[in-house]
Amino acid sequence: MQRRRLVRVPASTANLGPGFDAFAAALSLHLELEVVETGAFAVVTDLAVPCDRSNLLVRAFERLASPERFEFRVRSQIPLVGGLGSSAAAIVAGLVAADHLFELDADLLAAATELEGHPDNVAAALHGGVVVCADGEVTRLDPPVALETVLVVPGEAVPTAAARAALPERVTLADATFNVAHGALLALGLATGDLDLVSRGLADRLHQPHRAYLFPRSAELIERARDLGALGATLSGAGPTVLVWCHLDQTAGVIERLRREAEGWASVQRTPFEATGADVRSL
């Protein structure tokens, strides 16, 4: 009898403004992986990704078990570039599939962090909701019910390596203090449902200003988000995708204005936070 598993993993957005490499949230776009024990290795997908053992998802699976006898069927709504956690979703999907198939009870967060290089995206993909990563552990909370998000996804990508290279090696004490304060406001607002605190807490001085020259239209949109009726906006991961934060009652109007602003250079889509992390079931 063939062993089969279906794994579903959400996209993720990291940093959330002031929480550089520490805050992240799951989003309601998904990667689906079906793993079937056919007796031969294969990767079947329409995505523009490797179909051999170098595939990131397969490499993650292989971190826990041999992929030799399995076929990997992959579908995804997550853009492969743009700061929406496509690599984290692939890593988590491969690890979860192997862990479930072989009943390993592995430390998936540690394995995923090792493969990804940082914990924020993989933690959100594993656990869903909003996560704060510190000291090798994850604290998770559900986002407020009245909070919605909209993605503005530019047509032109910016390599993550270029976005990382734009960051300074040192920051001023004033900028560090600013981010500590605003990260605390954001966390408190998310935990209590106070959207005024969320709005105040979205500001950042550690990474977004230094990357602005790489995607000036995204940077301008972040600056103008409140003028468009949003609570604010943040760069999604290393960008250039922008996460626009909205009050539920205001989202439709914000989307209409964003589409006018983004015409010709970006797509706009309502993409709520996702409460459910990686899910696996037998077929």
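Each label was represented as a point 7 Å from its Cα along the Cα-to-Cβ direction; for His118 and Glu263 these points are 3.6 nm apart.
For Asp120, Asp227, the ranking by accessible surface with the largest value first comes to Asp227, Asp120, using a 1.4 Å probe. Per-residue extension of 0.36 nm, minus the Cα-Cα distance of Leu141 and Leu104, leaves a gain of 10.6 nm for this segment. Taking 7 Å steps out from each Cα toward its Cβ at Leu6 and Arg270 produces label points 2.6 nm apart. D by Stokes-Einstein for the range 92-182, Kirkwood Rh over Cα pairs, 10 °C, 1.306 mPa s: 97 µm²/s.
Among 232-244, 155-167, 50-62, 18-30, sorting by the average number of other beta carbon atoms lying within 10 angstrom of each residue, highest first, gives 232-244, 18-30, 50-62, 155-167. Annotation: peptides 95-103, 178-186, 129-137, ranked by per-residue average of other Cβ atoms within 10 Å with the highest first, follow the order 95-103, 178-186, 129-137. The distance separating the Cα centre of the range 1-33 from that of the range 101-132 comes to 9 Å. Kirkwood radius for the range 175-266, taken over all pairs of different Cα atoms as the inverse mean of 1/r, rounds to 13.7 Å. Contact order, relative form, for the chain: 26 percent (alpha carbon pairs under 8 Å, 6 or more residues apart, mean separation divided by residue count). Are there DSSP H segments in the chain that both extend 15 Å or more along their axis (alpha-carbon positions) and score a mean Kyte-Doolittle hydropathy of at least 0.5? List them, or say none. Helices passing the filter in the chain: 86-101, 173-192. Extending 7 Å from the Cα toward the beta-carbon at both Asp52 and Tyr213 defines two label points whose distance is 3.9 nm. With a 1.4 Å probe rolled over the protein heavy atoms of all chains, the accessible area of Thr113, Thr276 falls in the order Thr276, Thr113, largest first.
For the range 180-194 and the range 50-98, what is the separation of their Cα centres, given in Å? What the calculation gives is 33 Å, centre to centre. Derived value for the range 189-230: Kirkwood hydrodynamic radius 11.5 Å. Basis is the mean of 1/r over every pair of different alpha-carbon atoms. The candidates Asp204, Asp105, arranged from most to least accessible area with a 1.4 Å probe in the full protein assembly, appear as Asp105, Asp204.
Farthest toward the positive end of the dipole of the range 180-283, out of Trp245, Leu190, Leu221, is the Cα of Leu221, where the dipole comes from beta carbon charges about the Cα centre. Rg and Dmax of the chain, both derived from C-alpha coordinates alone, stand at 18.9, 62 Å.
The values are calculated or read from the model by the stated rules, or taken from the named source; none is laboratory data. Remember, predicted model here, so these are calculated numbers, not experimental data. Methodologically, a virtual Cβ is constructed for each residue, glycine included, from the backbone with ideal geometry; neighbour enumeration extends over all protein chains shown. Side chains included, ligands, DNA and RNA excluded: accessible areas come from the protein's heavy atoms. Shrake-Rupley method; radii C 1.70, N 1.55, O 1.52, S 1.80 Å.
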